[in-house]
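Participant: Before anything else, here's the structure in question.
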Amino acid sequence: MPLYKIADVIVDMTPVGEDTASWYEPYLYTGDDPPHMTLTLESRDIEYLLEEGHDFSYGTAENSLLSTAFNRKLFWHMGTYLHSSALLFDGRVYLFSGHSGVGKSTLTSRICKRFGDERAKVINDDKPSLRIIDDKCIVYGTPFAGGTSKQLNLSGELGAIVFLEQSDHNELVRLSDSEAIFRIMEQSITRHNQSIVDRLLQIYSVVLDKYPIYKLYCTDSDEAVDVAIKITDSI
């Protein structure tokens, strides 16, 4: 099977779908190190998703299942994901999270449009990976982007996490640790056993200790960019 390097983890897997293989191509690994994990899927699992009436192509169904398998094993490499749009801005990665439809992608697209590709780019628009390495939180673009084209094989240290809430005004509020961890767990992996919860708390204790976490009340407007970009002042 071909090897891939995703979130600095070498993965042994063979994508079947033509779309999936093309999404994963930037992550191909050609070095000599052995894989850290192996991912395998049964074709019947992909077919089950399609038969259940989910709005999936074959490629997005396969990608979804590989994403789940990858993230279940990433825990043992001090890693997880956060459902978010990951914006690489001036060398740091800012995670804009929240429920589907709240406007994460719209806001990061507006930031990219304003500041240009030299300063701002989306490295994943669905499930970027986070890993604790040398007591820092590193955020990675991954091919697990919900079948969108918004994913790049780039990484950077976390700058901040921002949870979006639609509003009639634009306001940035720093969250307490208790509210921050509640919102993080809400947008992370949903099936927990005790060992996974313990590992998640290890990961996020570093995040809470070292990085700011905000709530952004925002309107669907360019003015929201002015307020959102204030998070970079915390670095």
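The values are calculated or read from the model by the stated rules, or taken from the named source; none is laboratory data. As the structure is a prediction and not an experimental result, all values here were calculated from the model. A quick note on method: Cβ atoms are made from the backbone with ideal geometry, for glycine too, and the neighbour counts reach across all protein chains shown.
Participant: Please tell me if residue 121 is charged (D, E, K, R), surrounded by 21 or more Cβ atoms within 10 Å (Cβ to Cβ) and not in a helix (DSSP H, G or I). Give the derivation first.
Facilitator: Details: charged (D, E, K, R): yes; surrounded by 21 or more Cβ atoms within 10 Å (Cβ to Cβ): no; not in a helix (DSSP H, G or I): yes.
Answer is no for this residue.
Participant: Every residue in region 206-229 that is farther than 14 Å from residue 161 by Cβ and out of contact with any His (no Cβ under 8 Å at 6 or more places or on another chain), please. Before the answer, list the steps.
Facilitator: At the first step, the residues of region 206-229 found to be farther than 14 Å from residue 161 by Cβ are 217-227, 229.
If the condition is that a residue be farther than 14 Å from residue 161 by Cβ and out of contact with any His (no Cβ under 8 Å at 6 or more places or on another chain), then 218, 220, 221, 222, 223, 224, 225, 226, 227, 229 are the ones that fit.
Participant: I'd like to verify a number: residues in region 175-191 that are surrounded by 13 or more Cβ atoms within 10 Å (Cβ to Cβ), more than 15 Å from the chain's Cα centre (by Cα) and either not in a helix (DSSP H, G or I) or not assigned by TED's automatic domain parsing to the domain that holds residue 136 (or both), how many?
Facilitator: Number satisfying all stated conditions: 1.
Participant: While we're on this one: Given the structure, is residue 151 in the same structural domain as residue 201 (by TED's automatic domain parsing) and farther than 15 Å from residue 82 by Cα? First the steps, then the outcome.
Facilitator: Numbers: in the same structural domain as residue 201 (by TED's automatic domain parsing): yes; farther than 15 Å from residue 82 by Cα: no.
For residue 151, the condition - in the same structural domain as residue 201 (by TED's automatic domain parsing) and farther than 15 Å from residue 82 by Cα - is not met.
A quick yes/no check of all residues on (1) in a helix (DSSP H, G or I); (2) in contact (Cβ under 8 Å) with a residue 24 or more places away in the chain; (3) surrounded by fewer than 23 Cβ atoms within 10 Å (Cβ to Cβ):
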site: 19; (1), (2), (3): yes, yes, yes
site: 22; (1), (2), (3): yes, no, yes
site: 32; (1), (2), (3): no, no, yes
site: 40; (1), (2), (3): no, yes, yes
site: 48; (1), (2), (3): yes, no, yes
site: 59; (1), (2), (3): yes, yes, yes
site: 70; (1), (2), (3): yes, yes, no
site: 87; (1), (2), (3): no, yes, no
site: 106; (1), (2), (3): yes, yes, yes
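Participant: When only residues in region 99-132 that are of a type in the set (Val, Ile, Thr) and closer than 20 Å to residue 207 by Cβ count, which is nearest to the chain's Cα centre (by Cα)? Before the answer, list the steps.
Facilitator: Filtering region 99-132 down to residues of a type in the set (Val, Ile, Thr) leaves 102, 106, 108, 111, 122-123, 132.
Now drop any that are not closer than 20 Å to residue 207 by Cβ, which leaves 108, 123, 132.
Numbers: 108: 13, 123: 9, 132: 14 Å.
Residue satisfying both the conditions and the ranking: 123.
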